[in-house]
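The values are calculated or read from the model by the stated rules, or taken from the named source; none is laboratory data. Because the structure is a prediction, the values reported are computed rather than measured. As a convention, Cβ positions derive from the backbone with ideal geometry for all residues, glycine included, and neighbour counts pool all protein chains shown. Surface areas here come from the heavy atoms of the whole protein model, side chains and all, with no ligands, DNA or RNA. Shrake-Rupley method; radii C 1.70, N 1.55, O 1.52, S 1.80 Å.
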Amino acid sequence: MEGIKEIKKAGTIAHDILKQACARVGEDVPYSEISDFVDKAIEKAGAKPAFPVNISVNEVAAHYSPDRNEDKLFEKGDVVKIDLGVHVDGYPSDTASTVIVGENPKGEKLKKAAEAALKAAGEALKPGRSLQEVGKAIGNVITSAGFQPIRNLTGHSMARWNLHSGLSVFNFDAPNEVIEPDTLVAIEPFSTDGAGKILESKPSSIYRLLAPVPQRLPGAKKLLQRIVNDYETFPFAQRWLEAKELLYLPQLVASGAVHRYPVLMEKAKGLVAQSEHTFLVGEKDVEITT
Ligand code: MN
Ligand code: MN
């Protein structure tokens with residue numbers, strides 16, 4: 001398999017930075033302190049973000065990332081999901097943890113359920129085996145804890161310059177494909193005391209290239225070229241663009257060149273916890289890269 005060295009490096013860097021980012025979460029800490037830290041730490045490590053760090057709190061399940069001058073602060077009792085990705089020469093890693101700010105007994109239980117589900121998923125993951133076994137393991141752990149897995153968020157196989165390379169890993173028992181050796185896969189159980197479903201909410205500050213649709217405005221053309229060069233199909237953050245580039249972002253979205261992700265919210269406004277690792281499935285063994 002190609003890129004093993006890069007895959008492992010991306011995994012180690014993501015692991016270390018996630019640990020440090022989680023340690024920085026606390027009462028009255030601005031969300032932007034975490035995103036600034038993650039952005040800088042990835043650069044310092046000689047790697048690049050595979051997507052903007054997601055900082056999703058309470059009923060927000062995913063896809064929230066601070067914009068410039070973001071002034072939101074973490075509050076006591078918050079259930080905070082930090083989800084980050086690193087790539088080395090296009091080879092990605094993807095990992096997430098939940099942090100509870102101060103005390104929140106329900107949040108702690110949700111966090112434990114997501115972590116136990118990820119552990120069970122790792123044990124069920126074998127080359128040549130159906131991913132249904134993984135989904136079943138995740139669903140069992142979370143429902144046994146008295147919660148719901150989020151059914152419309154999934155893990156995903158990954159490849160070079162590709163965060164979703166075809167396979168989905170459900171968080172419940174559902175028919176699925178066999179995972180072949182030499183596959184990189186992110187598994188991410190989400191537990192909730194809500195409905196077990198997410199809905200699309202307001203637009204986020206996370207974007208991704210869809211297609212290099214020709215642009216008429218020179219500024220839009222230039223920005224699109226930069227997105228193709230710097231991010232390819234990896235998601236990027238609004239805060240990574242300069243003020244004069246930002247002017248043309250709506251045009252890229254309107255023309256269908258760029259997708260703007262919506263924030264994902266739990267349907268019944270339940271609390272959501274998440275735990276995620278990237279797994280490298282080999283010929284015989286499975287290794288956690290993050
Ligand atoms: Mn993730
Ligand atoms: Mn993922």
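Overview of results
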{"quantity": "Only listed residue being among the aromatic types (Phe, Trp, Tyr) and within 16 Å of ligand 1 (Cβ to nearest atom), chosen from 147, 170", "calculated": "170"}
{"quantity": "Exclusive hit being within 16 Å of ligand 2 (Cβ to nearest atom) and within 20 Å of residue 289 (Cβ to Cβ), set 204, 191, 157", "calculated": "157"}
{"quantity": "Selected residue (only one of 121, 96, 114 is within 15 Å of ligand 1 (Cβ to nearest atom), farther than 26 Å from residue 31 by Cβ and not polar (S, T, N, Q))", "calculated": "121"}
{"quantity": "Matching residues in the stretch 49-96 - criterion: being among the aliphatic types (A, V, I, L, M) and farther than 18 Å from residue 189 by Cα", "calculated": "50, 73, 86, 88"}
{"quantity": "In the stretch 183-221, the residues that are assigned to a helix (DSSP H, G or I) and farther than 17 Å from residue 237 by Cα", "calculated": "218, 219, 221"}
{"quantity": "The lone exception for residue 165 - which of (1) within 16 Å of ligand 1 (Cβ to nearest atom); (2) crowded, with 16+ Cβ neighbours inside 10 Å it fails", "calculated": "(2)"}
{"quantity": "Pair list, Cβ under 9 Å, 6 or more apart: the stretch 81-105 residue more than 16 Å from ligand 2 (Cβ to nearest atom), other residue at pLDDT 95 or above and polar (S, T, N, Q)", "calculated": "90/162"}
{"quantity": "Meets criteria (more than 16 Å from ligand 2 (Cβ to nearest atom), out of contact with any helix residue (DSSP H, G or I) (no Cβ under 8 Å at 6 or more places or on another chain) and either in the same structural domain as residue 170 (by TED's automatic domain parsing) or of a type in the set (D, E, K, R) (or both)) for residue 245", "calculated": "no"}
{"quantity": "Search result, residues across the stretch 252-290 that are open to solvent by less than 20 Å² (accessible area, probe 1.4 Å), within 16 Å of ligand 2 (Cβ to nearest atom) and touching a helix residue (DSSP H, G or I) at 6+ places or on another chain (Cβ under 8 Å)", "calculated": "272, 273, 274, 275, 276, 278, 279, 280, 289, 290"}
{"quantity": "Pairs where the first residue, in the stretch 225-239, is surrounded by 14 or more Cβ atoms within 10 Å (Cβ to Cβ) and at pLDDT 95 or above and the second is part of a loop (DSSP other than H, G, I, E, B) and polar (S, T, N, Q), C-beta under 8 Å, 6+ apart", "calculated": "237/65; 239/65"}
{"quantity": "Residue check for residue 76: in contact (Cβ under 8 Å) with a residue 12 or more places away in the chain, of a type in the set (Lys, Arg) and out of contact with any Pro (no Cβ under 7 Å at 6 or more places or on another chain)", "calculated": "yes"}
{"quantity": "Matching residues, the stretch 162-175, being in a loop (DSSP other than H, G, I, E, B) and either within 15 Å of ligand 2 (Cβ to nearest atom) or touching a Ser or Thr at 6+ places or on another chain (Cβ under 6 Å) (or both)", "calculated": "163, 164, 165, 166, 167, 170, 171"}
{"quantity": "Residue count for the stretch 276-290, restricted to those that are within 10 Å of ligand 1 (Cβ to nearest atom) and either part of a strand (DSSP E or B) or under 26 Å from residue 77 (Cβ atoms) (or both)", "calculated": "3"}
{"quantity": "Checking residue 249 against (1) in contact with a strand residue (DSSP E or B) (Cβ under 9 Å, 6 or more places away or on another chain); (2) over 26 Å from residue 92 (Cα atoms); (3) not aromatic (Phe, Trp, Tyr), the condition it does not meet", "calculated": "(2)"}
